[in-house]
């Protein structure tokens, strides 16, 4: 049991080093390519996330697609995360770990699609999160929602250490631009 935990910790450490070296211009162009691939169906309920400086930047989708019911995660307890409605970046404030979150709203009870961040992914849908388990617990509450991981190409790995509670993605979207220089 401890072996997988230390393997996950080492994978996180290694990938965070890679992510820390990404140039802003790469993150911006790769994020555009990732946003273009996200399936957007008018009237759908989609959970998105406000990326940290080393994650895909997706918030432009909210303003560009008002026909979607958008939700963003908000940490609501020591181990709980809900998805709250947002209609613009004005609905956001710095929350848990300084990440932008909705400041209020009624938590979603149904979602059609959940876009997930991660430290690393496999092309078969394996996901390594930040280590708090927030997404795995939240995803378990929406079993019928499609789950798509979004990641930069440099975060794709052949395999990841997994635990029984780790929830797989249905698919993974990455930038087709290749590795950063």
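Key figures for this structure:
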| read-out | value |
| --- | --- |
| Per-region count, region 105-125, residues more than 16 Å from residue 167 (Cα to Cα) and in contact with a helix residue (DSSP H, G or I) (Cβ under 8 Å, 6 or more places away or on another chain) | 1 |
| Verdict on residue 161 being modelled with pLDDT under 90 and farther than 21 Å from residue 56 by Cβ | yes |
| Residue ID - surrounded by the fewest Cβ atoms within 10 Å (Cβ to Cβ), chosen from residues in region 149-181 that are under 22 Å from residue 79 (Cα atoms) and touching a strand residue (DSSP E or B) at 6+ places or on another chain (Cβ under 6 Å) | 169 |
| Candidate set from region 62-74 (those that are in contact (Cβ under 8 Å) with a residue 12 or more places away in the chain and part of a helix (DSSP H, G or I)); member that is farthest from residue 142 (Cα to Cα) | 63 |
| Condition met for residue 49 (touching a residue at least 40 places away in the same chain (Cβ under 8 Å) and within 26 Å of residue 87 (Cβ to Cβ)) | yes |
| Verdict on residue 173 being within 24 Å of residue 21 (Cα to Cα) and either in a strand (DSSP E or B) or in contact (Cβ under 8 Å) with a residue 12 or more places away in the chain (or both) | yes |
| Members of region 75-118 that are crowded, with 16+ Cβ neighbours inside 10 Å, free of Cβ contacts under 8 Å to residues at least 24 places away in the same chain and within 17 Å of the chain's Cα centre (by Cα) | 85, 95 |
| Hits in region 130-147 - residues which are within 11 Å of the chain's Cα centre (by Cα) and either farther than 18 Å from residue 51 by Cα or buried (at least 20 other Cβ atoms within 10 Å of the Cβ) (or both) | 135, 147 |
| Flag for residue 159 being closer than 20 Å to residue 17 by Cα, over 17 Å from the mean Cα position of the chain (by Cα) and part of a loop (DSSP other than H, G, I, E, B) | yes |
| Checklist (1) within 17 Å of the chain's Cα centre (by Cα); (2) farther than 17 Å from residue 174 by Cβ; (3) surrounded by 13 or more Cβ atoms within 10 Å (Cβ to Cβ) applied to residue 53, failing item | (3) |
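The values are calculated or read from the model by the stated rules, or taken from the named source; none is laboratory data. Source: prediction; values computed, not measured. FYI the Cβ positions are ideal-geometry reconstructions off the backbone, even for glycines, and counts take in every protein chain you see.
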